[in-house]
Each structure stands twice: as C-alpha cells, then as structure tokens.
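Written below as structure tokens is the structure these notes are about.
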Amino acid sequence: MKRLLTILFVVVLASTTYVLSAKTGNKEITGQWKYEVSNAPYGYEKGTIEISEKDGGLVGKVIFTDGSAVELKNITYVKKNLSCGVYVEGMYITAKAKVEGKNMKGTVDTPNGKMEIKAQKQIK
C-alpha cells in the first residue's frame, strides 16, 4: 500500500511539474550562462552553464574554464527559482538561484560550505 501511494505521489508530482513548465515555459532559463563562484577552488570558479529543454524537461551541463564538462542533475525551474546539482570529483554539489531578467544569483552548497554564485545570460 505504501509503495502504491509513493508511486501515485511521484506520478502526480511529475504531471504537475510538466504542466507548470508547459504553462510558464522555460525560455527564461534556457541558454548559456557565464557563472562565477569567487570562493571556489581554481578551475571551478568560472565557467559556463548550458541549459536546454528535452522531452518536456530541462537538461544541462557545466563547462569549466579548462573545457571539461559535467552534467547537471535534478534540474527544476519554478517561479524564477532554479535548483540543480552536479557531481564534481565524486562529490554532489547543489545549487539554488533566483533568476531576475538576464541575471542569476544564489548559493552552491559544497563540502567546503556555502558559496555565492552569480551568473549572467549570454545573448547570441
């Protein structure tokens, strides 16, 4: 019974998320964002975040200054709030940020503590 309720909850949550993203669109968050985390270790302090839509959801990656890239996980974008995670050197790092126009500001939660992240959307 518990398993059935859990499955039902996940289906309802996924449906609600899909409907909300379809209504509001993800256009504001998709694209390339140049980011900076000033307290991050060298090589991770600057780079590009790329977010796009795929099969009704969001996918993305972080490209570091040396050209290496890691896939974004668990991306959600609701009411101008972005939430996601990424594995870096075997550690899971989470990020939460608020989008205001072409700017994004928030925090990343790392094993070294919380750090501020700022990003600016790149116009093509």
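Taking interchain pairs and intrachain pairs at least six residues apart, which have beta carbon atoms under 6 angstrom, with the first residue in the range 97-124 and within 16 Å of Lys27 (Cβ to Cβ) and part of a strand (DSSP E or B) and the second aliphatic (A, V, I, L, M) and at pLDDT 95 or above?
Every condition considered, the pairs that remain are Met104/Ala97; Met104/Ala119.
Checking Thr48 against (1) over 14 Å from the mean Cα position of the chain (by Cα); (2) crowded, with 16+ Cβ neighbours inside 10 Å; (3) among the hydroxyl-bearing types (Ser, Thr, Tyr), only one condition comes out false. Which one?
That leaves (1) as the condition not met.
For the range 36-47, which positions are part of a strand (DSSP E or B) and within 14 Å of Gly67 (Cα to Cα)?
Here is the first cut: in the range 36-47, the ones part of a strand (DSSP E or B) are 36, 46-47.
Of everything in the range 36-47, those that are part of a strand (DSSP E or B) and within 14 Å of Gly67 (Cα to Cα) turn out to be Lys46, Gly47.
Being acidic (Asp, Glu) and touching a strand residue (DSSP E or B) at 6+ places or on another chain (Cβ under 8 Å) is the filter; apply it to the range 51-72 and report the residue that is surrounded by the most Cβ atoms within 10 Å (Cβ to Cβ).
Glu53
Exactly one condition in (1) loosely packed, with under 13 Cβ neighbours inside 10 Å; (2) part of a strand (DSSP E or B) is not met by Ile75; state its number.
So the condition that Ile75 fails would be (1).
Give the residue, chosen from Gly57, Gly43, that is at pLDDT below 95 and either of a type in the set (D, E, K, R) or in contact with a helix residue (DSSP H, G or I) (Cβ under 9 Å, 6 or more places away or on another chain) (or both).
That would be Gly57, the only listed residue that is at pLDDT below 95 and either of a type in the set (D, E, K, R) or in contact with a helix residue (DSSP H, G or I) (Cβ under 9 Å, 6 or more places away or on another chain) (or both).
The values are calculated or read from the model by the stated rules, or taken from the named source; none is laboratory data. The structure displayed is predicted, hence computed values, not measured ones. Note: ideal-geometry Cβ built from the backbone for every residue, glycine included; neighbour counts use all protein chains shown.
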